Amino acid sequence: MLRIIDARSGEPVDASTTRRGLTCVEAHAPALDPTALRVLLVADVLVRALELGGTPVLGVLSGDRYRAELRVAAAALGIRPFEDMGAGLGEQQVIHVVEEGGAKPDGVRVAVAPVAEGRGMPLGDDPAVLRLALLSRRRSDPAQLDDTTLDEARDTLTRWRRAVADWARHPSRPVPEEVRGRLRTAWEDDLDVPSVLRVLRRVESAPDLPHGARFETYAYADRLLGLDLTRDLGARA
């Protein structure tokens, strides 16, 4: 069961009250800047985590300013479309994803620390690089999008995509249950994505692990990460 820290109380709460009931993840992004994009990214990953746990979930975008521009930037970053905020949600669970120190709506709140000023929104030729750079830090820690951070993310993403393409040529093997458990334990603990990435780094170099199992592990984790790690399948001879 996914549990998150409610910014109102500092205490962990269940992200979904019931697997059968709809959970609404409402992203509050009142500006057009890297911090707003990080809020949308955290909301996207939260939606993915709930879906992986079998919870019906709806992602919605709150606010009227920069809506079209935010949608374009979010789509480039691999963030799935958010619905417009509207009536009809009833008494379902609502989780608000907000900038730290920003909006304070009633209900459970997930706070996202800011992105340091000065770099704009460096989507580049492969926006997944920015996505990985932002995911590499816990959402409660400020993010720094300097050249070193982006270069490290680009190198990691290139290496992993090449490795996944190579592993795909080997016979498929299931994700080891121990590895699956570590991945789920990480993201169900307050959406700890950096720990998910550490599990993948261990899988990358773990001795005696079949390459087919490495491939399935990365493909499984990418359902949460959204980094398009299988993009290069079939591209290498």
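The values are calculated or read from the model by the stated rules, or taken from the named source; none is laboratory data. In this text, all values refer to a predicted model and were calculated from it rather than measured experimentally. Backbone-built Cβ (ideal geometry, glycine too); neighbour counts: all protein chains shown.
Being in contact (Cβ under 8 Å) with a residue 40 or more places away in the chain, in a helix (DSSP H, G or I) and more than 26 Å from residue 47 (Cβ to Cβ) is a property that does not hold for residue 173. Among the numbered conditions (1) under 22 Å from residue 51 (Cβ atoms); (2) touching a His at 6+ places or on another chain (Cβ under 6 Å), the only one that residue 196 does not meet is (2). Taking residue 200, is it in a helix (DSSP H, G or I), over 13 Å from the mean Cα position of the chain (by Cα), surrounded by 15 or more Cβ atoms within 10 Å (Cβ to Cβ) and among the hydrophobic types (A, V, I, L, M, F, W, C)? Criteria met by residue 200. Evaluating residue 133 against the criteria (1) touching a strand residue (DSSP E or B) at 6+ places or on another chain (Cβ under 6 Å); (2) small (Gly, Ala, Ser); (3) free of Cβ contacts under 8 Å to residues at least 24 places away in the same chain leaves one unmet condition, (1).
The set of residues in region 29-60 being at pLDDT below 95 and either part of a strand (DSSP E or B) or of a type in the set (Gly, Ala, Ser) (or both) consists of 29, 31, 36, 53, 54, 57, 58, 59, 60.
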